[in-house]
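To keep things clear, I will list the structure first and then write my remarks on it.
The values are calculated or read from the model by the stated rules, or taken from the named source; none is laboratory data. On a predicted model such as this, the values are computed, not experimentally measured, just so you know. No Cβ is skipped: glycine too gets one built from the backbone with ideal geometry, and neighbour counts run over all protein chains shown. For the accessible areas, the whole protein counts, side chains as well, though only heavy atoms, and no ligand, DNA or RNA atoms are used. Shrake-Rupley method; radii C 1.70, N 1.55, O 1.52, S 1.80 Å.
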Amino acid sequence: MSYLLRVNASATPDTSFSRRVADTFTETWAGEVVTRDLAHSPVAHLDAAGITARATAPADRTAAQATAAALQDELVEEFLGASAYLFAVPMYNYSIPSVFKAWLDQVMVPGRTIGLGPGAAPTAGRTAIVVSARGGGYGPGAPQHGKDHLVPALRTILSDTVLFGLDVHFITPELTFAPTVDQLRPLLHLHEASLAESHDLARRHAEKLNQPVGHG
């Protein structure tokens with residue numbers, strides 16, 4: 001078993017429900033954990049130097065391209081070296097936090113991590129757990145149903161067979177504003193149930209990954 005790569009995207013480390021549920025996973029995980037915290041150390045957004053460096057020979061790169069390429073190499077090697085992934089990515093304004101999108105843009109390198117053909121990505125088949133807390137409720141029947149633009153986007157990016165090809169599982173603790181927002185306090189019991197279920201799912205996913213693969 002190689003290491004678990006955990007990427008934290010919440011801007012509020014001390015109060016993040018995504019991080020708390022992710023902590024339950026890592027506390028159950030039996031192996032090494034490598035953590036990249038994008039709140040403490042945000043990754044630069046992909047710029048022209050980073051894009052052009054990919055198609056420029058190392059000896060011909062400008063100083064800016066060399067710096068951008070070094071960052072991409074660090075992130076890509078860290079990503080490829082993991083055997084499983086844990087992404088603590090809360091929903092911000094119906095979508096993905098910009099710090100996590102910046103990290104994704106740096107590691108999505110055609111011909112290296114993606115775009116290699118169905119099933120050909122180095123990470124194809126590896127497990128990824130996405131913990132995405134959200135302040136409201138987005139399930140069927142909820143007023144916000146259909147406005148979750150985080151899960152569909154990450155499902156495509158992470159699991160598409162011509163991209164990373166990961167085996168992705170989502171854990172979505174909901175109604176995290178219920179303890180603090182007056183209008184949502186009547187739904188506190190639903191939040192507590194969702195949170196308890198999320199911690200249980202995190203535990204069970206980690207336990208499953210801890211089990212050795214059998215050989216028949």
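General remarks:
- For residue 28, the requirement of being over 23 Å from residue 153 (Cα atoms) and touching a residue at least 60 places away in the same chain (Cβ under 8 Å) is met.
- Scanning region 1-26 for residues that are over 25 Å from residue 135 (Cβ atoms), modelled with pLDDT of 95 or more and open to solvent by 30 Å² or more (accessible area, probe 1.4 Å) turns up just one, 3.
- Failed item, numbered, when residue 182 is tested on (1) of a type outside the set (Val, Ile, Thr); (2) closer than 19 Å to residue 94 by Cβ; (3) modelled with pLDDT of 95 or more: (2)
- Check on residue 56, under 18 Å from the mean Cα position of the chain (by Cα) and hydroxyl-bearing (Ser, Thr, Tyr): no
- Residue count for region 59-96, restricted to those that are more than 18 Å from residue 131 (Cα to Cα), crowded, with 16+ Cβ neighbours inside 10 Å and of a type in the set (Val, Ile, Thr): 1.
- For region 103-119, the candidate set comprises residues that are of a type in the set (Gly, Ala, Ser) and over 27 Å from residue 29 (Cα atoms); within that set, the residue that is modelled with the highest pLDDT is 111.
- Exactly one residue out of 212, 179 is of a type outside the set (D, E, K, R) and open to solvent by 80 Å² or more (accessible area, probe 1.4 Å), and it is 212.
- Residues that are outside any strand (DSSP E or B), within 14 Å of residue 137 (Cα to Cα) and in contact with a helix residue (DSSP H, G or I) (Cβ under 6 Å, 6 or more places away or on another chain), drawn from region 159-197: 173, 174, 175, 176, 177, 178
- Taken over region 138-153, the criterion of being surrounded by 18 or more Cβ atoms within 10 Å (Cβ to Cβ) and not aliphatic (A, V, I, L, M) is satisfied by 138, 148.
- Conditions (1) of a type in the set (Val, Ile, Thr); (2) without any contact (Cβ under 8 Å) to a residue 60 or more places away in the chain; (3) surrounded by 13 or more Cβ atoms within 10 Å (Cβ to Cβ): number failed by residue 156: (3)
- Inter-residue pairs, beta-carbon under 9 Å, first charged (D, E, K, R) and in region 102-129, second part of a loop (DSSP other than H, G, I, E, B) and modelled with pLDDT of 95 or more, 6+ apart: 105/43; 105/45; 105/46; 112/54; 112/122; 126/164; 126/165; 126/166
- Test: residue in region 118-137 that is under 26 Å from residue 47 (Cα atoms), among the aliphatic types (A, V, I, L, M), more than 17 Å from the chain's Cα centre (by Cα) and surrounded by fewer than 21 Cβ atoms within 10 Å (Cβ to Cβ): no
- Options 124, 133, 128; residue that is under 30 Å from residue 55 (Cβ atoms), touching a Phe, Trp or Tyr at 6+ places or on another chain (Cβ under 9 Å) and in a loop (DSSP other than H, G, I, E, B): 124
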